[in-house]
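The values are calculated or read from the model by the stated rules, or taken from the named source; none is laboratory data. On a predicted model such as this, the values are computed, not experimentally measured, just so you know. Virtual Cβ from ideal backbone geometry, glycine too; neighbours counted across all protein chains shown. Remember, those area values only see protein heavy atoms, side chains included, never the ligands or the DNA or RNA. Shrake-Rupley method; radii C 1.70, N 1.55, O 1.52, S 1.80 Å.
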Amino acid sequence: MNYNFDSERPIYLQIIEIIKNDITSGKYNLGDKLPSVRELAMTFKVNPNTIVKSLYFLELECLIYTDRTNGKFITKDLELIKKYKENYIKQKVDSFFKDLKSMG
């Protein structure tokens with residue numbers, strides 16, 4: 001897949017958003033293993049350090065976790081994913097109405 005990153009925002013933040021959307025949309029199921037850092041770097045066509053930074057912040061948000069010897073996995077906490085999805089939808093709806101309002 002070809003990703004067109006916005007030059008106005010850091011790429012690692014955009015990758016975080018993409019992975020969060022993949023989690024909430026069901027591309028990844030609860031407990032699924034994420035591709036390796038190297039695989040993700042090739043997918044996004046970025047430096048592996050950018051992926052490591054993105055995954056670090058996803059782990060801080062508890063959306064993914066590390067199994068020491070087996071890699072990184074999607075959280076098994078369905079409530080956390082539902083909460084993120086609700087917040088994401090609210091942000092998109094608010095942004096949509098803000099855009100409409102600015103158009104008159």
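Looking across Asn29, Asn49, one residue alone is part of a helix (DSSP H, G or I) and open to solvent by 80 Å² or more (accessible area, probe 1.4 Å). It is Asn49. Across region 22-40, the number of residues qualifying as out of contact with any strand residue (DSSP E or B) (no Cβ under 8 Å at 6 or more places or on another chain) and modelled with pLDDT of 95 or more comes to 5.
Rundown of residues vs (1) under 20 Å from Asn4 (Cα atoms); (2) aliphatic (A, V, I, L, M), yes/no style:
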residue	(1), (2)
Val37	yes, yes
Met42	yes, yes
Tyr56	no, no
Ile64	no, yes
Ile74	no, yes
Gly104	no, no
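When the residues of region 52-72 are filtered to those that are assigned to a loop (DSSP other than H, G, I, E, B), of a type outside the set (Asp, Glu) and open to solvent by 70 Å² or more (accessible area, probe 1.4 Å), the one that is nearest to Lys83 (Cα to Cα) is Cys62. Applying the criterion of being open to solvent by less than 70 Å² (accessible area, probe 1.4 Å) and among the polar types (S, T, N, Q) to the residues of region 73-104, the residue that is modelled with the highest pLDDT is Thr75.
If you go through region 29-60 and keep only what is touching a Lys or Arg at 6+ places or on another chain (Cβ under 8 Å) and acidic (Asp, Glu), you end up with just Glu59. The C-beta contact set for region 7-24 (first residue over 13 Å from Ile74 (Cβ atoms), second residue part of a helix (DSSP H, G or I) and hydroxyl-bearing (Ser, Thr, Tyr), distance under 6 angstrom, 6+ apart or interchain) comprises Ile11/Thr50; Tyr12/Thr50; Tyr12/Ser54; Ile15/Ser54; Ile16/Ser54.
On the stretch given as region 1-37, residues that are of a type in the set (Phe, Trp, Tyr) and within 16 Å of Leu80 (Cβ to Cβ) total 1.
Kindly indicate whether Tyr88 is more than 18 Å from Arg9 (Cβ to Cβ), touching a residue at least 60 places away in the same chain (Cβ under 8 Å) and part of a helix (DSSP H, G or I). Taking the combined requirement at face value, the residue does not satisfy it.
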